[in-house]
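Quick notes on the structure that follows.
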Amino acid sequence: MHYQPTYQAACKVAPSVQKHFAHHIATAHAGGEKKLATAPDIAVIEQIIDVAFWASLRKEEGHSPRISIAFLAPAEAEKALIFERELPFKSSTLVKIGPGIERAGIHLGVWLKDGELVIWGTTITIPNFCFVLDVSEPALLVIKHRRIYGLGKYTNVAVLKGDYVRVIDEYSATLTDCPAIVTALLGFTSPSSWNDSVNVLIQLAVSMRAHGHGGSLLVVPDGTDTWRQSIIQPMQYAIKPAFTGLADLVMNEGTDKSDIFLKSALSREVDNIAGLTAVDGASVITTTHKLLAFGSKIVMREGSSRIKQVCLIEPIVGGEALFIHPAQTGGTRHLSAAQFVHDQHDAIALVASQDGQFTVFTWSPFHNMVQGYRIDTLLL
């Protein structure tokens, strides 16, 4: 390959991305896993990033392309849609065919032929650890791969926004008191099913971020009303009896319902609850996903103290834990959510900003304070 990328971030990030895929694919092979993808080399990664970046800045009939590119051979995909003649892998080609493949779950297949990258068709099935690059919006690219068990959201490897590059530090999952939702997003653990409790929280986070209004979701223990001490009473939008639409589906593991039915039903219920977080105030669900309230106003619990500091962590290479005032983590939603967890140590708070920023607040016994994980780079 003699391609020379002009987008310098492609050259900067390609070695780290290549190392990530080579390591995980080799480890999976050694563990006896089958149907694994082929790891791309540095030159392939550079070209895919470069072409995708310049394509993201162009428009077709007034629309910017939203494309998912997968590096795999046609033989590695099941029931692929294969073009009679390969197309050149160029930004102009991506822009032209972008409108036809922008729906979620459709990947544009790219492979090497005679030393050149070509587009061979599309597929909705890819092997484990397949290199995928999503063009999310102009100048925003996300490199990711399918989870080893194929369940839930793909694992992000790197995010490129113009000249700003973030490489995910998957070993952040080994930090003391790292929340389960973060370890799952980093790929250290894999949900065992579509209705796995952690996977459901991830889906709720993705849906909250997607509606674009911002919102807060408080997850509290079952069988206790202690959380009410941190909510202004009476609640205007309390739910009684608790709504169990999502909870019932999560409990249905092992039933005869098909995987497709379960995914579709879960998606509807997730969007139902996530949509309510757009209402001013916080939504409240239990750890078994029963909806208790929405639009709830958080208040400092009587006898408690005003939160003065949080430990803020972003799981990216070069990121460091920052000990800051909670007001520095975001707006009023972030401040009130941090106060809630400060008062309710057994609760979790998921907070989405209108600009896409997303933070998970939990109590850290190790630091003896609230910790916030900034995970928007993991949810893209």
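Could you say which residue among GLY318, GLY303 is more than 25 Å from the chain's Cα centre (by Cα), modelled with pLDDT under 95 and either open to solvent by 70 Å² or more (accessible area, probe 1.4 Å) or farther than 30 Å from VAL167 by Cβ (or both)? Walk me through how you get there before you give the answer.
Numbers: GLY318 fails: more than 25 Å from the chain's Cα centre (by Cα).
The match here is GLY303.
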*Are there any pairs, at least 6 apart or on different chains, whose C-beta atoms fall under 7 Å, with the first in segment 64-78 and within 15 Å of PRO138 (Cα to Cα) and the second open to solvent by 20 Å² or more (accessible area, probe 1.4 Å) and outside any helix (DSSP H, G or I), and if so, which?*
SER64/GLU137; SER64/PRO138; ARG66/GLU102; ARG66/SER136; ILE67/GLU102; SER68/ILE106; SER68/ASP134
_Six or more apart or on different chains, Cβ atoms under 8 Å: show the pairs whose first residue is in segment 28-56 and among the hydroxyl-bearing types (Ser, Thr, Tyr) and whose second is surrounded by fewer than 21 Cβ atoms within 10 Å (Cβ to Cβ)._
THR38/ALA73; THR38/GLU76; SER56/SER64; SER56/GLU137; SER56/PRO138; SER56/ALA139; SER56/LEU140
*For residues that are among the hydroxyl-bearing types (Ser, Thr, Tyr) and either farther than 22 Å from THR226 by Cα or in contact with a Phe, Trp or Tyr (Cβ under 8 Å, 6 or more places away or on another chain) (or both), tally how many sit in segment 304-341.*
2
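Pick from VAL17, VAL51: which is more than 19 Å from ASN128 (Cα to Cα), open to solvent by less than 20 Å² (accessible area, probe 1.4 Å) and touching a helix residue (DSSP H, G or I) at 6+ places or on another chain (Cβ under 8 Å)? Spell out the reasoning first.
Working: VAL17 fails: more than 19 Å from ASN128 (Cα to Cα).
Testing whether each residue is more than 19 Å from ASN128 (Cα to Cα), open to solvent by less than 20 Å² (accessible area, probe 1.4 Å) and touching a helix residue (DSSP H, G or I) at 6+ places or on another chain (Cβ under 8 Å) leaves just VAL51.
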*Which of the residues belonging to segment 365-380 are among the aromatic types (Phe, Trp, Tyr) and under 20 Å from ALA184 (Cα atoms)?*
TYR373
_Extreme residue, surrounded by the most Cβ atoms within 10 Å (Cβ to Cβ), among residues of segment 20-40 that are under 25 Å from ASP169 (Cβ atoms) and over 25 Å from the mean Cα position of the chain (by Cα)_ = HIS29
_So in segment 185-220, with the set limited to residues that are in a loop (DSSP other than H, G, I, E, B), under 24 Å from PHE340 (Cα atoms) and open to solvent by less than 50 Å² (accessible area, probe 1.4 Å), which one is modelled with the lowest pLDDT?_
GLY212
*Failed item in (1) under 16 Å from VAL206 (Cβ atoms); (2) more than 19 Å from the chain's Cα centre (by Cα), with SER296 passing the rest*: (1)
_I'd like the full set of residues that are open to solvent by less than 50 Å² (accessible area, probe 1.4 Å) and assigned to a loop (DSSP other than H, G, I, E, B), limited to segment 346-357._
ALA347, SER353, GLY356, GLN357
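For segment 108-124, which positions are open to solvent by less than 50 Å² (accessible area, probe 1.4 Å) and either farther than 22 Å from LYS59 by Cβ or outside any strand (DSSP E or B) (or both)?
Keep residues of segment 108-124 that are open to solvent by less than 50 Å² (accessible area, probe 1.4 Å), which gives 108-110, 115, 117-123.
Correct list: GLY109, GLY115, LEU117, VAL118, TRP120, GLY121, THR123.
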*Go through the residues of segment 330-345 one by one and say whether even a single one is of a type in the set (A, V, I, L, M) and either over 21 Å from GLY214 (Cα atoms) or assigned to a strand (DSSP E or B) (or both).*
no
*Quick one: would you say ALA70 is in the same structural domain as GLU137 (by the TED database), surrounded by fewer than 22 Cβ atoms within 10 Å (Cβ to Cβ) and either farther than 16 Å from PHE131 by Cβ or within 23 Å of the chain's Cα centre (by Cα) (or both)?*
no
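Among the candidates GLY303, GLY319, which residue alone is on the phi > 0 side of the Ramachandran plot and assigned to a loop (DSSP other than H, G, I, E, B)?
Details: GLY319 fails: on the phi > 0 side of the Ramachandran plot.
Criteria check complete, one pass: GLY303.
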*Applying the selection to segment 163-184, what residues are crowded, with 18+ Cβ neighbours inside 10 Å, in contact (Cβ under 8 Å) with a residue 24 or more places away in the chain and of a type outside the set (A, V, I, L, M, F, W, C)?*
ARG166, GLU170, SER172, PRO179
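The values are calculated or read from the model by the stated rules, or taken from the named source; none is laboratory data. It should be emphasised that the depicted structure is a prediction, and the values quoted were computed from it without experimental measurement. Glycine also receives a Cβ, built like all others from the backbone with ideal geometry; neighbour counts cover every protein chain displayed. Quick note on the areas: whole protein, heavy atoms, side chains included, nothing else; ligands and nucleic acids left out. Shrake-Rupley method; radii C 1.70, N 1.55, O 1.52, S 1.80 Å.
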